[in-house]
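**Student:** Have a look at the structure that comes next, please.
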């Protein structure tokens with residue numbers, strides 16, 4: 001009896017040992033569920049990569065964008081960082097401060113590096129590439145050409161036009177606007193940049209100075225937004241309940257004349273085959289201000305603790321091949337980051353032309369480690385303004401003071 | 001007092017220790033170690049990877065006092081728990097009393113009541129998020145159809161707070177109802193018959209027979225409900241993420257925000273310790289009451 005127990009244990013140990021010995025190298029990639037990107041894309045990419053690279057397993061950890069930052073931090077803090085991850089490039093300094101990023105450049109093939117537009121390397125810190133651009137694009141204004149007739153040239157003109165078409169009784173709103181705190185502060189950025197402002201002043205050496213959301217441009221932007229919400233009521237009611245996906249749904253379902261979002265908005269509109277006419281245009285500036293949109297870049301980073309850096313680099317070579325990048329870009333609606341696809345006919349449509357046209361005047365998110373908390377502080381004060389808890393100036397003064405105090409303690 | 005070796009280390013007791021070992025290891029690794037480590041974190045400076053880098057004394061706790069909204073978050077957490085547990089207890093008791101009465105379809109009703117408890121809380125919360133949607137949600141559609149002018153539930157502080165709370169209550173009612181039902185069925189029928197002979201009305205029977213004999217079950221069920229409700233992260237995180245303007249933040253969502261959004265593990269560990277202390281005090285108070293009643 002005893003012998004047979006020992007025999008069984010030996011067999012089990014051998015089987016487990018062999019299973020581990022034969023275990024393929026596994027590359028774990030944290031993958032953003034971009035709007036428009038279908039789950040099938042990730043599944044197909046995984047299958048194709050594994051077929052082309054026998055002995056290497058690929059695990060794609062799909063995560064919604066709104067949960068992405070927190071989930072990644074949870075993985076890292078738990079000592080379970082993936083090998084590769086998509087990140088918002090603005091998080092790169094925060095991750096560098098944690099000391100978890102690997103300079104990715106040394107692992108990339110020359111052909112891959114040469115194929116990326118150098119202007120998009122926002123993840124290059126002090127001359128070293130930590131983030132390989134994965135997506136980049138300016139934000140756009142989507143407008144109902146069958147309702148508005150013409151594209152508004154300025155914010156003020158937009159407001160006048162929206163007042164005419166808003167009809168809450170028929171659930172038709174002028175502009176669908178995000179008001180619930182979201183991982184990004186995009187809505188305020190659109191209006192702030194359109195009013196010639198930015199989140200921070202700049203010091204002479206180019207570093208960030210004091211928070212500037214309480215200057216004329218910052219207060220003007222929030223006043224305008226607040227008037228749209230509470231005075232002219234051209235937004236959907238209860239904006240503080242709406243996240244980006246819900247706002248996009250409002251436009252897609254034909255309940256709004258305007259929405260401002262990324263290139264993925266076009267993908268969603270095309271995928272759902274909406275029955276109305278729509279078009280895209282640059283986000284209009286305030287009167288007398290230069291046109292300026294938000295440019296958002298996301299990057300692929302590699303983690304120091306990865307045991308499969310060579311395999312991870314192989315995956316990047318695979319993913320950045322024209323075949324897979326073209327499908328990816330088409331689905332997420334961003335212009336291509338690879339030079340080899342820049343002249344592809346798919347990207348010669350008005351949506352891409354407007355995105356490219358806006359690049360010159362566009363501004364990125366601030367690149368600072370404490371940005372997620374600054375982002376939250378501004379959001380809280382915007383929500384408080386929409387809810388009537390604070391006056392616009394008070395809200396922006398509070399946000400700026402809290403942000404300056406936060407950065408002073410660093 | 002000295003134990004003789006033979007009494008605690010017999011062949012029989014060795015087997016008992018061996019059988020207890022997996023559970024003991026599990027408890028140490030997954031319960032005691034995290035608790036002790038979080039307590040340590042609250043008294044240390046912690047880097048962004050969650051490692052202890054230097055003793056900080058009460059610094060993390062002091063930093064919480066400087067947060068203007070921290071006091072209101074604690075008050076809101078207590079209010080959230082008190083109201084939600086009271087509602088779950090009251091509704092659960094009524095449902096249990098109804099399900100304790102013989103009627104056709106009682107088995108089906110008992111099965112149906114379990115559905116919110118059986119479905120996962122995140123899925124229930126997402127379902128309610130769609131239900132609350134102002135444009136396409138079932139709730140406002142129905143209310144408008146009936147001639148009401150409903151609010152955008154998740155847009156305003158008060159309505160968002162109660163909308164969140166209702167989902168928590170909805171998820172928690174089945175547990176309370178089932179536990180109370182089990183308690184009701186354990187009450188001897190003879191007591192009701194004796195009360196009836198004495199001419200007691202239904203209300204008197206409930207007050208002087210049902211409630212006292214349900215006391216132990218009530219205590220345990222409400223204590224568990226307090227612990228779960230105070231730490232109910234899923235509902236708020238999915239519905240409002242603590243908004244609008246932080247008006248639905250309770251301690252548990254606040255801890256998450258500090259730990260995983262701002263990557264400030266020290267202050268968030270201090271908040272976790274405060275939560276632990278609050279719940280420990282409540283548990284001890286309940287346990288003392290429970291055992292005192294048991295002794296009586």
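FYI, it's all coordinate maths here, none of it is from the lab. Quantities reported herein were computed from a predicted structural model and do not represent experimental measurements. Glycine gets a Cβ as well: all are built from the backbone with ideal geometry, and neighbour counts include every protein chain shown.
**Student:** Only bridges with both residues in the protein assembly as shown count here: give the DSSP antiparallel percent, nearest 5.
**Tutor:** The antiparallel fraction comes to roughly 65 percent.
**Student:** Going by how many other beta carbons lie within 10 Å of each one, how would you line up A:323, A:345, A:67, fewest first?
**Tutor:** Ascending number of Cβ neighbours within 10 Å: A:345, A:323, A:67.
**Student:** Debye calculation, C-alpha points only, no solvent: report log10 I(q)/I(0) for the stretch A:168-273 at q = 0.12, 0.19, 0.24 Å⁻¹, in the same order as the q values.
**Tutor:** At q = 0.12, 0.19, 0.24 Å⁻¹ the computed log10 ratios are -0.47, -0.98, -1.31.
**Student:** Still on this structure, I have one more. Using the count of nearby Cβ atoms within 10 Å as a rough guide to exposure, how do B:263, B:252, A:359 rank from fewest to most?
**Tutor:** A:359, B:252, B:263
**Student:** Sort all Cα-Cα distances of the stretch A:242-354 into consecutive 5 angstrom bins from zero, then give the percent of pairs in each bin up to the one containing the longest distance.
**Tutor:** Distribution as computed: 2, 9, 16, 17, 17, 14, 11, 7, 4, 2, 0 percent.
**Student:** Related question: Give the peptides A:376-386, A:192-202, B:111-121, A:146-156 in descending order of average Cβ contacts within 10 Å, highest first.
**Tutor:** The densest-packed peptide leads the list: A:376-386, A:192-202, A:146-156, B:111-121.
**Student:** Translational D (Stokes-Einstein, µm²/s) of the stretch B:236-296 at 37 °C and 0.692 mPa s when Rh comes from the Kirkwood sum over C-alpha pairs? Kindly include the intermediate steps, with their values, before the conclusion.
**Tutor:** Working: Rh = 13.4 Å.
After rounding, the answer is 245 µm²/s.
**Student:** Among B:187-197, A:104-114, B:211-221, how do they line up from the highest to the lowest mean number of other beta-carbon atoms within 10 Å?
**Tutor:** B:211-221, A:104-114, B:187-197
**Student:** Grab the DSSP H runs of chain A that are 4 residues or longer, score each as -39,500 (n - 2.57), total them, divide by all residues and round the 222 nm result to the nearest 500 deg cm²/dmol.
**Tutor:** Values: 16 runs with 176 residues, N = 410.
It comes out at -13000 deg cm²/dmol, rounded to the nearest 500.
**Student:** Something else about it: Could you please state, rounded to a whole Å, how far the C-alpha centre of the stretch A:217-264 is from the C-alpha centre of the stretch B:46-64?
**Tutor:** Result: 40 Å between the Cα centres.
**Student:** Just want to confirm a number: the relative contact order over the stretch B:70-295, from Cα pairs under 8 angstrom separated by 6+ residues, in percent.
**Tutor:** 28 percent.
**Student:** When Cβ neighbours within 10 Å are restricted to other protein chains, what is their mean count per residue of peptide A:371-380? Don't skip to the answer; put the middle values down first.
**Tutor:** Values: counts 0, 4, 6, 0, 1, 5, 0, 0, 4, 6.
Mean partner-chain Cβ count within 10 Å for A:371-380: 3.
**Student:** For the stretch A:61-211, what does the equivalent ellipsoid look like in terms of its semi-axes, each the square root of 5 times an eigenvalue of the Cα gyration tensor, given largest first in whole Å?
**Tutor:** Value: 37, 20, 17 Å, ordered largest first.
**Student:** If you don't mind, another one. Percent of Cα-Cα pairs more than 26 Å apart in the stretch B:115-264, please.
**Tutor:** 46 percent
**Student:** Sort the following peptides by mean Cβ neighbour count (other Cβ atoms within 10 Å, averaged over residues), highest first: A:43-51, A:283-291.
**Tutor:** Result, highest mean first: A:283-291, A:43-51.
**Student:** Another one. Can you give the Kirkwood hydrodynamic radius for chain A, in Å, rounded to one decimal and based on Cα pairs?
**Tutor:** After inverting the mean inverse Cα-Cα distance, the result is 23.0 Å.
**Student:** Moving on to the next point. So how long is each side of the protein assembly as shown along the principal axes, counting just the alpha-carbon atoms, biggest first, in Å?
**Tutor:** Per principal axis, max minus min of the Cα coordinates gives 87, 75, 53 Å.
**Student:** Shifting gears a bit: Tell me the Kirkwood radius of chain B: reciprocal of the mean inverse pair distance over distinct alpha-carbon atoms, in Å. Kindly include the intermediate steps, with their values, before the conclusion.
**Tutor:** On the way: mean 1/r = 0.0440 Å⁻¹.
After inverting the mean inverse Cα-Cα distance, the result is 22.7 Å.
**Student:** Using a 10 Å cut-off around each Cβ, can you sort A:325, B:292 from fewest to most neighbouring Cβ atoms?
**Tutor:** Ascending Cβ contact count within 10 Å gives the list B:292, A:325.
**Student:** Pairs of alpha-carbon atoms within less than 8 angstrom and 6+ residues apart define the contacts here; what relative contact order does chain A have, in percent?
**Tutor:** This gives 26 percent for chain A.
**Student:** Same structure, new question: If one takes the longest principal axis of the Cα atoms in chain A, at what angle in degrees, from 0 to 90 and to the nearest 10, does the Cα axis of helix A:2-21 lie?
**Tutor:** The helix A:2-21 is inclined about 50 degrees to chain A.
**Student:** On average, how many beta carbons from a partner chain sit within 10 Å of the beta carbon of a residue in B:153-160?
**Tutor:** The mean count of partner-chain Cβ atoms within 10 Å per residue comes to 5.
**Student:** Based on the Cα gyration tensor of the stretch A:75-155, what are the three equivalent ellipsoid semi-axes, each the root of five times an eigenvalue, rounded to whole Å and given largest first?
**Tutor:** Details: eigenvalues 251, 64, 28 Å².
Each semi-axis is the square root of five times an eigenvalue, giving 35, 18, 12 Å.
**Student:** Using Cα pairs under 8 angstrom and six or more residues apart, how large is the relative contact order of the stretch A:317-410, in percent?
**Tutor:** Relative contact order here is 16 percent.
**Student:** Could you tell me the convex hull volume per residue, in Å³, taken over the Cα atoms of the stretch B:27-111?
**Tutor:** 178 Å³
**Student:** Let me ask something else about it. Can you give the average number of partner chain beta-carbon atoms within 10 Å of each beta-carbon in peptide A:234-241, as a whole number? Before the final figure, lay out the partial values.
**Tutor:** Details: counts 0, 0, 4, 5, 11, 3, 11, 17.
Counting other chains' Cβ atoms within 10 Å and averaging over A:234-241 gives 6.
**Student:** Measure off 7 Å from each Cα along the Cα-to-Cβ vector at residue A:128 and residue B:182, then give the distance between these two points in nanometres to one decimal.
**Tutor:** According to this spin-label approximation, the distance is 5.8 nm.
**Student:** After finding the eigenvalues of the alpha carbon gyration tensor for the stretch A:81-126, what semi-axes result from the square roots of 5 times each, listed largest first in whole Å?
**Tutor:** Details: eigenvalues 77, 35, 18 Å².
Each semi-axis is √(5λ); the values are 20, 13, 10 Å.
**Student:** Expressed as a fraction of 2.2 N^0.38 Å, the rule-of-thumb size for a compact globular protein of N residues, what is the C-alpha radius of gyration of the stretch A:54-113?
**Tutor:** 1.25
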